[in-house]
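The values are calculated or read from the model by the stated rules, or taken from the named source; none is laboratory data. Note that this is a predicted model, so its numbers are computed, not measured. Here the Cβ positions follow ideal geometry from the backbone for every residue, glycine too, while neighbour counts run over all protein chains shown.
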């Protein structure tokens, strides 16, 4: 997959740049984009990024050079989001998910295979390159599933990196990812079927 | 034919997270299973579609400039906090040889200094304002989160002699609680919380049916809570600093009643009452 210019900049500068500004500013588009997805509006996204930026700036002395700055600052952004008013609803969602995990429904490898429809009728929709449909479906995901799929597919983070950002075990990353993708495919499939019903 | 690939393996495949052995096994399966091949293709397409649809919101241009200024201001403050010995050494090795040239430019520098100082003051003021706004937001968020959680305080007591000792060993400072509270005000308990990544004592009071959070932490060099009085999302925030502590309260109660409580807090910090 082709990298966006700012992603090139972020990766090429990794390990060499030493100032906070050099490390953080190239990540601004990415931080803002994730903040917008999580908060749902431009004003809150801007506040979230600015607050996270300030926290990171103040805590930069505790950051160990050579370690993963991107995961570090994303974790700060995510924690800032969780303590914001818009993050309270997601905290409740996470609490629900924890209950599911306690019941063993999200342990890695035991994700219900019935959730995958191997006939993949929504494939037609994806082939149509309908970004709007995918965007709408993403907007319907609960925050814990949305954030994991954004970090994986959009930010191209490895599972270990995502686990660091979200402060959860890798197994939970895998189960959330499986659940997020299954939910997206279900949403797209439902959307596809509804569109077909309206066709002449 | 072996069983179909699990969702975990399919996701690991499209995310490049499989080990060499797992990848070889998955590929061997895909060679003979059209259903899983179709599914792997669907997952790959979904991943690409998400990446495309997700990259949607660009930051406003002003935000980048604002954050850059904040980072620069911080760098300026860090440099000014450099140890004197370092600065002297820097001066000896890098600046003295240029003194002759600087003498010629001294007049120009004096003129330029005033401009720079004015700009620096404006930048420092902006940074301090932004820091204070972020603090008010975080204090309100912590208060709202406490109310929304609906959990009992970590220490439940109306007795200040029970609440205060509970923090021993949990926070690196001590504080006094007011002996006499305003009318209709009672202590509900307290939590250990974190504000700007620092441990704080969160004291919970009720004024009538209104809930109040009073956060106490060690004073920072910036003194961000000096004479703080702000309104945020319907909540009033009031704060003060002593030589060692910073105290900030947040509530939706009448501001005058909140101020009354804070005055008693401020008074109790200067007395010896424990």
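At a glance:
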| item | result |
| --- | --- |
| Odd one out for residue B:229 among (1) modelled with pLDDT under 85; (2) within 14 Å of chain A (Cβ to nearest Cβ) | (2) |
| Residue that is under 18 Å from residue A:33 (Cα atoms), out of contact with any strand residue (DSSP E or B) (no Cβ under 6 Å at 6 or more places or on another chain), assigned to a loop (DSSP other than H, G, I, E, B) and touching a residue at least 40 places away in the same chain (Cβ under 8 Å), where the choices are A:151, A:141, A:146 | A:141 |
| Number of positions in region A:17-70 that are assigned to a loop (DSSP other than H, G, I, E, B), farther than 17 Å from residue A:151 by Cα and touching a residue at least 24 places away in the same chain (Cβ under 8 Å) | 3 |
| Any hit, region A:121-137, residues being assigned to a helix (DSSP H, G or I), facing chain B (nearest Cβ under 8 Å), at pLDDT 85 or above and surrounded by 13 or more Cβ atoms within 10 Å (Cβ to Cβ) | yes |
| Residue pairs meeting the criteria (Cβ under 6 Å; at least 6 apart or on separate chains; first under 21 Å from residue A:179 (Cα atoms) and at the interface with chain A (Cβ under 8 Å from one of its Cβ atoms), in region B:5-29; second modelled with pLDDT of 90 or more and part of a loop (DSSP other than H, G, I, E, B)) | B:12/B:18 |
| Residue within region A:1-18 that is modelled with pLDDT of 55 or more and within 24 Å of residue B:58 (Cα to Cα) present | no |
| Condition check for residue A:30: modelled with pLDDT under 85 and crowded, with 19+ Cβ neighbours inside 10 Å | no |
| Sole residue being modelled with pLDDT under 85 and not in a helix (DSSP H, G or I), chosen from B:151, B:181, B:108 | B:151 |
| Verdict on residue A:190 being under 20 Å from residue B:39 (Cβ atoms), at pLDDT 60 or above and more than 10 Å from chain B (Cβ to nearest Cβ) | yes |
| Conditions (1) under 17 Å from the mean Cα position of the chain (by Cα); (2) closer than 20 Å to residue B:141 by Cα; (3) at pLDDT 90 or above: number failed by residue A:81 | (3) |
